[in-house]
1. Cβ-Cβ below 7 Å, separation at least six or inter-chain, first residue in region 73-98 and over 23 Å from Tyr153 (Cα atoms), second of a type in the set (Ser, Thr, Tyr) and outside any loop (DSSP other than H, G, I, E, B): which pairs?
2. Could you please find all residues in region 255-302 being in a helix (DSSP H, G or I), in contact with a Gly (Cβ under 9 Å, 6 or more places away or on another chain) and of a type in the set (A, V, I, L, M)?
3. Do we find that Phe83 is at pLDDT 95 or above, farther than 12 Å from Asn133 by Cβ and of a type in the set (Phe, Trp, Tyr) in this structure?
4. Any idea which of Leu264, Leu225 is hydrophobic (A, V, I, L, M, F, W, C) and surrounded by 21 or more Cβ atoms within 10 Å (Cβ to Cβ)?
5. Which number in (1) over 26 Å from the mean Cα position of the chain (by Cα); (2) open to solvent by 10 Å² or more (accessible area, probe 1.4 Å); (3) not small (Gly, Ala, Ser) marks the one condition that Lys296 misses?
6. Which of the residues that make up region 97-135 are loosely packed, with under 13 Cβ neighbours inside 10 Å and part of a loop (DSSP other than H, G, I, E, B)?
7. Taking only region 197-234 into account, find how many residues are of a type in the set (Ser, Thr, Tyr) and outside any helix (DSSP H, G or I).
Amino acid sequence: MTQAENPGRREFVSNLTKASVLLTVSGLAPLESAGQPAQPVTVGQVMDMILKTIPNAPFPKTVDTLKSGSRDQKVTGIVSAMFATTEVIEKAVQLGANFIIVHEPTFYNHADETDWLKNDEVFKKKYGLLEKNGIAVWRFHDYWHSHRPDGIYKGVLDALGWQTYTDSNNPKLVTLPSPMPLKQLIAHAKEKLGIPMMRVVGDPAQSCQRVLLMPGASGGRSHILALGQVKPDVILCGEISEWETAEYVRDARQQGQKLSLGVLGHIMSEAPGMQWLVPWLQPKLPDVKITYVDSKNPFTYL
């Protein structure tokens, strides 16, 4: 009997074909592709895949653009960092990664405008390092903050161990299970976020339970409006203009309010969010090595 005349084999092949179709429709790989090496992805494919998870993306106006490299280049590895510092770029090269996803600007201004830097030696050397090594840099700021949950805030909450203490109606408000002195609260934040020193306005012995957590650079107006709305015991923020939030808190204290301020620093208050990007992104790209590289705090304390 020939293969075509064998009814059992015809049924087997038919069933196998149906199974392959079902697996493909369900989003799983067909049986015949099992064990085959994954096809390399491009920078643009990674960006597009990420944007599919962001509400209302792509945005018509955003600073989240490629700062170097091309959408078409094949990804050899990904580095997540707060900044694409010279050290971070060199580390990416060592790791064999050619795609750096950063939260903050690469070229010293919010929009990464470079016309004013075209004759600057520091800029030329940094850009040349990126070009020489074929590295794409993509800023992931507006989109990561627009993710649900906010990717930066999620990472910071996890680092502080405060995931279960947030208010569903106002996630910026953290209500601790029991009060603690301001001094102890500040020590906790320093330890968990790796901050060597913080600026504080307040009484170290003040009891704190309601914490307004605003990492990054929300701005004095946002801080002050939020303080008036939620009435916390303390605000922990990323950075300030010294004539805004700090002066408001000082006046409030002199008027008799029990309110304190702790300044975490912009970088250290948001870095855990870029660290969380790795476990969030890795399952979506299981065949790409993704590494968090700490761009570190540039400041020392003398």
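1. Taking only residues 6 or more apart or on different chains, the pairs are Gln73/Thr42; Lys74/Thr42; Val75/Thr42; Leu95/Thr291; Ala97/Thr291.
2. Listed by number, the residues that qualify are Ile267, Met268, Ala271, Met274, Leu277.
3. Answer is yes for this residue.
4. Going through Leu264, Leu225 in turn, just one is hydrophobic (A, V, I, L, M, F, W, C) and surrounded by 21 or more Cβ atoms within 10 Å (Cβ to Cβ): Leu264.
5. Among (1) over 26 Å from the mean Cα position of the chain (by Cα); (2) open to solvent by 10 Å² or more (accessible area, probe 1.4 Å); (3) not small (Gly, Ala, Ser), the lone unmet condition for Lys296 is (1).
6. Asn109, His110, Ala111, Glu113, Lys118, Asn119 - these are the residues of region 97-135 that are loosely packed, with under 13 Cβ neighbours inside 10 Å and part of a loop (DSSP other than H, G, I, E, B).
7. Step one: filter region 197-234 for residues of a type in the set (Ser, Thr, Tyr), giving 207, 218, 222.
Still in the running and outside any helix (DSSP H, G or I): 207, 218.
Qualifying residue count, region 197-234: 2.
Results for (1) in contact with a Gly (Cβ under 7 Å, 6 or more places away or on another chain); (2) within 15 Å of Leu261 (Cβ to Cβ), shown as yes or no for each residue.
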residue	(1), (2)
Leu185	no, yes
Asp203	no, yes
Gln206	no, yes
Gln209	no, no
Val230	no, yes
Ile235	no, yes
Glu239	yes, yes
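The values are calculated or read from the model by the stated rules, or taken from the named source; none is laboratory data. What you see is a predicted model; the values in this text were computed from it and never measured. Virtual Cβ from ideal backbone geometry, glycine too; neighbours counted across all protein chains shown. Surface areas here come from the heavy atoms of the whole protein model, side chains and all, with no ligands, DNA or RNA. Shrake-Rupley method; radii C 1.70, N 1.55, O 1.52, S 1.80 Å.
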